[in-house]
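Engineer: Mind having a look at this structure? Questions to follow.
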Amino acid sequence: MTAELVLQIVLTVAAGLIGVGLFGALSQQTIVMVMMGLELVLNGVLLAGGAAWYFLAPELPDAQVLVVVALVVMAVEMAMGFAVTVAFYRARQLDMIDMASDLRG
Amino acid sequence: MLSDLSGWAITAVAVLGVLSVAAGVAVFVVDSMARATFALLASFLAVAGILLALDLVYLAVVTALMMTIEMAIMAVFMIMFMMNPAGLMPMTMVHNAKGSAVTGAGAFVVLVVGIWTIDWPTRDTSRPADSTRQLGEAIMGSHMLVMLVIGIGLFATILAGTVLATARGRYDRFGPRLDSQRPDDPVSGGLRR
């Protein structure tokens, strides 16, 4: 099997994760489930970054650094998402995004 | 050029790839929020397995450990905040499902068309002996700016998370100008009483 074919298969899996995550982030009503959708999108970025390093430029560390950045973005997203959930629940006893539509900028 | 992945590694990548997408779909299909969380964990672990097959040992282990802890915390939050944590009463909690599905499928199609039509470059350089060493030397050397930005970002996250999670701060106790003589506390005691 050629390296290009394996790369394309792995990237297709990553695209699948990004598509499913996008659907979840846009369709879910609860804040925690929206966060799960965003995590799935970042999961796809992790996979694509790893595949890019292995198949395209293993002599350069850039793709690995991109994966590290994606992991940190995941951690920041979780921390801030839960902090917003706690603050929102404390203020209004709600966990649905639709009920916070008045916060739209 | 033939892939230098072994037959077993290619099989593992294929199986884990299918598993990761199937688990990702399961997140939004199952009723139980606890199951959704662990389906997401399964998706992350499958991706960590693929990274392991691609020689990225350090990143695979970090992904697996970090996501296991993250999903354990997420399961607690799910059970705390969701109105139907066990899924005993099936309900759909979605809005604009059709538009979201079209957007998700559209993004997938655009990416797949790009992936399968691009003429990917072939690699003619050597692979590093140790990918972890390569990453470590990069973030402590040529890519140190990335680590500096990450450090500041994480510190800002700690501050912002604490501010958002604090129920009552000094402005609640001493007024918007912090000039109140006596703090407005629900119970007596505390500082400056």
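The values are calculated or read from the model by the stated rules, or taken from the named source; none is laboratory data. Predicted, not measured: the structure shown is a model, and the values here were computed from it. With ideal geometry, Cβ positions are generated from the backbone for all residues, glycine too; neighbour counts draw on all protein chains shown. These area figures cover heavy atoms from the full protein model, side chains too; ligands, DNA and RNA do not enter into them. Shrake-Rupley method; radii C 1.70, N 1.55, O 1.52, S 1.80 Å.
Engineer: Take each uninterrupted DSSP H stretch in chain B, measure its Cα extent along the helix axis, and return the ones at 27 Å or beyond whose mean Kyte-Doolittle hydropathy is at least 0.0.
Structural biologist: TM-like helix candidates: B:7-27, B:33-53, B:57-81, B:97-117, B:144-165.
Engineer: Something else: Roughly how large is the B-A contact in terms of buried accessible area, totalled over both chains, probe 1.4 Å, nearest 100 Å²?
Structural biologist: 6800
Engineer: May I pose another question? Where in segment A:49-66 does the amide nitrogen come within less than 16 Å of the point 7 Å from the Cα of B:Asp124, taken along Cα to Cβ?
Structural biologist: Counting only backbone N, you get A:56-59.
Engineer: Restricting things to Cα coordinates, could you compute the convex hull volume per residue of the protein assembly as shown in Å³?
Structural biologist: 166
Engineer: For a quick protection proxy, order the peptides B:69-77, B:166-174 by their average other-Cβ count within 10 Å, most packed first.
Structural biologist: B:69-77, B:166-174
Engineer: Shielding of B:168-176 by partners, i.e. mean partner chain Cβ atoms within 10 Å per residue?
Structural biologist: 0
Engineer: Here is a follow-up. When the Debye formula is applied to the Cα atoms of segment B:130-187, each taken as the same point scatterer, what base-10 log of I(q)/I(0) results at q = 0.13, 0.20, 0.26 Å⁻¹?
Structural biologist: Computed log10 I(q)/I(0) values: -0.57, -0.81, -0.97.
Engineer: Take every residue in peptide B:61-74, count the Cβ atoms of other chains within 10 Å of its Cβ, and give the average of those counts.
Structural biologist: 3
Engineer: Assign one of three labels to segment A:47-87, namely rounded, prolate or oblate, based on the Cα gyration tensor with a ≥ b ≥ c the square roots of its eigenvalues; rounded applies when a/c is under 1.5, prolate when it is not and a/b is larger than b/c, and oblate otherwise.
Structural biologist: Because a/c hits 1.5 or more and a/b exceeds b/c, segment A:47-87 counts as prolate.
Engineer: Working out 0.36 nm times the residue gap between B:Ser188 and B:Trp116, then minus their Cα-Cα distance, what length gain in nm do you get to one decimal?
Structural biologist: Computed gain between B:Ser188 and B:Trp116 is 19.1 nm.
Engineer: Where does segment B:37-157 land on Rg(C-alpha)/(2.2 N^0.38 Å)?
Structural biologist: 1.47
Engineer: If I compute solvent accessible area with a 1.4 Å probe over the protein chains, what percent of it on segment A:3-103 is carbon and sulfur?
Structural biologist: About 74 percent, which is the carbon plus sulfur part of the accessible surface.
Engineer: If you roll a 1.4 Å probe over the heavy atoms of the protein chains, what accessible area per residue do you get for chain B, in Å²?
Structural biologist: Here the residues of chain B average 60 Å² of exposed surface.
Engineer: Take the Cβ-Cβ distance between B:Val30 and B:Leu178 as r, set R0 to 41 Å, and report the resulting FRET efficiency rounded to the nearest 0.05.
Structural biologist: In this case the efficiency is close to 0.25.
Engineer: Per the Kirkwood definition applied to all pairs of different Cα atoms, how many angstroms is the hydrodynamic radius of chain A?
Structural biologist: Here the Kirkwood hydrodynamic radius works out to 15.3 Å.
Engineer: Please compute, for the alpha-carbon atoms of segment B:1-87, the extent along each of the three principal axes and give them in descending order in Å.
Structural biologist: 53, 24, 15
Engineer: Here's something else I'd like to know. Can you give the average number of partner chain beta-carbon atoms within 10 Å of each beta-carbon in peptide B:155-167, as a whole number?
Structural biologist: 4
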